[in-house]
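Undergrad: First the structure, then my questions, so here it is.
The values are calculated or read from the model by the stated rules, or taken from the named source; none is laboratory data. Keep in mind it's a predicted model, so treat the numbers as computed, not measured. Here Cβ is always computed from backbone atoms with ideal geometry, including for glycine, and neighbour counts include all displayed protein chains.
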Amino acid sequence: MIEYRLHIHNTFLSFYLETEGEILSGDGENPDLVQIFLDTDNADNTGYAINGMGADYLIAIVGIRGTVLSARLYQYNVRYRTETPRGGHDWNAWAPMFEVDADSKRNGLHLGGTWGPSG
C-alpha cells in the first residue's frame, strides 16, 4: 500500500487506496479481496478485534482483472443470527448491510456513498 485516504462526514463515506501493483488483479478462478476495517467509535473493546482496534464496520471488495465484482458494507453485530452474544473474534458476527459504489483503475481503488452511522 502506497497511500490511503478516508473521509467520513455524517452519512457520507469516501475511501481511496493506492498500491504499488495493480489492484484487484486476480483472475476468474482466483479473485482478489480487499478488506477495509472501520472503527467508528474509537473503542478497541467493541466490534471485531483486529490489529489493536475494534472494527465496527467492514467493507469487502472483490474483483478480477482490475474490475470490481462486488463491494459490500458489513456491520459487526454480536447478536447476528444467534441469541447468545458473540465475542470480538467471531467472524460470523459480520452482518451484511448493503452494496457500496466502488471503482478500480490500475493501482487505485475508490469507493464512496451514503452509509448507516452518523456523526
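Undergrad: For segment 57-67, which positions are among the aliphatic types (A, V, I, L, M) and under 13 Å from Gln35 (Cα atoms)?
TA: Within segment 57-67, the first condition is being among the aliphatic types (A, V, I, L, M), and the residues that meet it are 58-62, 64.
Result: Leu58, Ile59, Ala60, Ile61, Val62.
Undergrad: So which of Glu20, Glu99, Glu3 ends up being touching a strand residue (DSSP E or B) at 6+ places or on another chain (Cβ under 6 Å), in contact (Cβ under 8 Å) with a residue 24 or more places away in the chain and of a type in the set (Asp, Glu)? Steps first, please.
TA: Numbers: Glu20 fails: touching a strand residue (DSSP E or B) at 6+ places or on another chain (Cβ under 6 Å); Glu3 fails: in contact (Cβ under 8 Å) with a residue 24 or more places away in the chain.
Selected residue: Glu99, the only one of Glu20, Glu99, Glu3 that is touching a strand residue (DSSP E or B) at 6+ places or on another chain (Cβ under 6 Å), in contact (Cβ under 8 Å) with a residue 24 or more places away in the chain and of a type in the set (Asp, Glu).
Undergrad: Can you find, within segment 23-46, the residue that is farthest from Leu109 (Cα to Cα) among those that are charged (D, E, K, R) and loosely packed, with under 15 Cβ neighbours inside 10 Å? Walk me through it before giving the result.
TA: The initial filter retains those residues of segment 23-46 that are charged (D, E, K, R), namely 27, 29, 32, 39, 41, 44.
Subsequent filtering for residues that are loosely packed, with under 15 Cβ neighbours inside 10 Å retains 27, 29, 41.
Details: Asp27: 17, Glu29: 21, Asp41: 25 Å.
Among residues in segment 23-46 that are charged (D, E, K, R) and loosely packed, with under 15 Cβ neighbours inside 10 Å, the one farthest from Leu109 (Cα to Cα) is Asp41.
Undergrad: How many residues, within segment 42-98, are modelled with pLDDT under 90 and within 16 Å of the chain's Cα centre (by Cα)?
TA: Here the count works out to 1.
Undergrad: Restricting to segment 40-96, count the residues that are touching a residue at least 40 places away in the same chain (Cβ under 8 Å) and assigned to a strand (DSSP E or B).
TA: Count: 13.
Undergrad: Among the numbered criteria (1) closer than 15 Å to Phe15 by Cβ; (2) of a type outside the set (Lys, Arg); (3) surrounded by 17 or more Cβ atoms within 10 Å (Cβ to Cβ), which one does Tyr76 miss?
TA: Every condition holds for Tyr76 apart from (1).
Undergrad: Would it be correct to say that Ser70 is surrounded by fewer than 16 Cβ atoms within 10 Å (Cβ to Cβ), out of contact with any Lys or Arg (no Cβ under 9 Å at 6 or more places or on another chain) and under 28 Å from Gly26 (Cα atoms)? First the steps, then the outcome.
TA: On the way: surrounded by fewer than 16 Cβ atoms within 10 Å (Cβ to Cβ): yes; out of contact with any Lys or Arg (no Cβ under 9 Å at 6 or more places or on another chain): yes; under 28 Å from Gly26 (Cα atoms): yes.
So Ser70 fits the description; yes.
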